[in-house]
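Notes to accompany the following structure.
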Ligand code: 5AD
Ligand code: SF4
């Protein structure tokens, strides 16, 4: 599980009261953590590096894989001790739990953990100030309702999230209607809802004015984006067409998608719109039709392969990425071999793969025929070896090529800056920081373990 801390502007002046947000899970959660930090800031709690220095601690939890709620309770045990220590020094601490575990197990969290002052699900972050006021008054708060109208209003107000000034995430869609039998998202994030196109465009224009060059459109099922405007219907491709006209924006991406929602106009956008990057994250989960059906994926392995062929016909160099689950209930050795076959047939530039973990409340959690842990482990290892070899060969094929690199930040060593290729690879180059925010052609010279190394192609060797 990816894990990171989100804090509002670190260079902000340290205010009298501090807020600390610990974030688990996906990109959407990292984005939400930055919003929570922003709401704390608005309520007078400036960002702290350390939970021990904070008057408000919020855990932004993820429920998608593994024993998420166990982890949350053990983390809360530590926070309770911290709260007690601070109380002994006469300092108050407000503790909140946000994210998908909050949504799924809110009442249970309040019942089991007395240190928790509020629980707020992803649909209700706009009500965080109210929860903080209640906590100040000594009251506990549970906010886990699906309030569609309010959620829509909230989606309208969403500010962008910029991990670097150069690249930013803009939420365009939330929720999922697919109900894959292993997945908690439809239960914790609710039904699909798309944000108004004019709000997205206005936000992208604002970002571009402030120096952002690369925007990723974010949604749990982003290619299902559909918004009925007063004059026309907007799809993701329509958004890309409009965003392509914004001066200053050079790159557009999107994540994450479902194979059944890959519309023709989106495939055409990959061919026709140069700012839409040749990178597609399209989860397949398994290569076995029996398993895909049990997963309620609504497509076969052939459908997926045919879709990739169509995308590649539109944009031959496109880098394909995916998600996989091994050890889904009932997965036989033959099913797993079908997954390996699909991987060999498609050829992935990158991928995420996971052992199946039953999520309470999802249909597959109650099925018998669970695959033993040892077998899951072995399958995951075999799959990851194959995917890693494919990633390496995709990267190796870039050596000697001149790629367009958008520089985003300074590198680890002085004199080095880091950028990304159109295929999402990170590239380190010796070049001045003044190039951050600009694109240059870079000759790729060698591979590191996680990034490529290159030199400006107008720079002679050894310079
Ligand atoms: N077990 C394992 N992996 C899961 N994912 C979602 N739910 C589960 C689960 N119960 C994976 C899927 C999805 C990614 C975000 O997380 O591969 O695409
Ligand atoms: Fe979960 Fe499936 Fe929806 Fe993806 S498409 S969020 S895996 S239910």
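The table below lists the values:
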| quantity | calculated |
| --- | --- |
| Hey, residue 320 more than 15 Å from ligand 2 (Cβ to nearest atom) and either assigned to a loop (DSSP other than H, G, I, E, B) or within 26 Å of the chain's Cα centre (by Cα) (or both) or not | yes |
| Filter result for residue 291 (crowded, with 23+ Cβ neighbours inside 10 Å and over 19 Å from the mean Cα position of the chain (by Cα)) | yes |
| Selected residue (only one of 288, 338, 257 is under 28 Å from residue 397 (Cα atoms) and within 16 Å of ligand 1 (Cβ to nearest atom)) | 257 |
| Qualifying positions in the stretch 185-226 - under 15 Å from residue 265 (Cα atoms) and either away from ligand 2 (no atom under 16 Å from the Cβ) or buried (at least 21 other Cβ atoms within 10 Å of the Cβ) (or both) | 222, 223, 224, 225 |
| Residues (assigned to a helix (DSSP H, G or I) and under 19 Å from residue 243 (Cβ atoms)) located in the stretch 265-303 | 265, 266, 267, 268, 269, 270, 271, 272 |
| Selection count, the stretch 337-386, where residues are away from ligand 2 (no atom under 16 Å from the Cβ), within 27 Å of the chain's Cα centre (by Cα) and not in a helix (DSSP H, G or I) | 4 |
| All positions within the stretch 189-205 that are in contact (Cβ under 8 Å) with a residue 24 or more places away in the chain and over 17 Å from residue 258 (Cβ atoms) | 195, 196, 197, 198, 199, 200, 201, 203, 204, 205 |
| Complete set of residues in the stretch 211-234 that are within 18 Å of residue 275 (Cβ to Cβ) and in a loop (DSSP other than H, G, I, E, B) | 211, 212, 213, 225 |
| Criterion (in the same structural domain as residue 109 (by TED's automatic domain parsing) and touching a helix residue (DSSP H, G or I) at 6+ places or on another chain (Cβ under 6 Å)) met by exactly one of 30, 43 | 43 |
| Qualifying residue in the stretch 84-93 (condition: under 30 Å from residue 361 (Cα atoms) and buried (at least 22 other Cβ atoms within 10 Å of the Cβ)) | no |
| Test result for residue 390, assigned to a helix (DSSP H, G or I), farther than 27 Å from residue 277 by Cβ and not assigned by TED's automatic domain parsing to the domain that holds residue 268 | no |
| Subset tally (residues that are crowded, with 17+ Cβ neighbours inside 10 Å and either modelled with pLDDT of 95 or more or closer than 21 Å to residue 319 by Cβ (or both)) for the stretch 392-416 | 8 |
| The stretch 277-301 residues that are closer than 16 Å to residue 341 by Cα and without any contact (Cβ under 8 Å) to a residue 12 or more places away in the chain, paired with ones that are part of a loop (DSSP other than H, G, I, E, B) and within 12 Å of ligand 1 (Cβ to nearest atom) (beta carbon under 7 Å, 6 or more apart) | 292/286 |
| Breaking point among (1) touching a helix residue (DSSP H, G or I) at 6+ places or on another chain (Cβ under 6 Å); (2) more than 27 Å from residue 263 (Cα to Cα); (3) part of a helix (DSSP H, G or I), for residue 329 | (3) |
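Condition check ((1) surrounded by fewer than 21 Cβ atoms within 10 Å (Cβ to Cβ); (2) assigned to a loop (DSSP other than H, G, I, E, B); (3) modelled with pLDDT of 90 or more) across all residues:
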{"site": "4", "(1), (2), (3)": "yes, no, no"}
{"site": "9", "(1), (2), (3)": "yes, yes, no"}
{"site": "14", "(1), (2), (3)": "yes, yes, no"}
{"site": "22", "(1), (2), (3)": "yes, no, yes"}
{"site": "40", "(1), (2), (3)": "no, no, no"}
{"site": "58", "(1), (2), (3)": "no, no, yes"}
{"site": "65", "(1), (2), (3)": "yes, yes, no"}
{"site": "69", "(1), (2), (3)": "yes, no, no"}
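The values are calculated or read from the model by the stated rules, or taken from the named source; none is laboratory data. All values reported here derive from a predicted model rather than from experimental measurement. We place every Cβ from the backbone using ideal geometry, glycine too, and count neighbours over all the protein chains shown.
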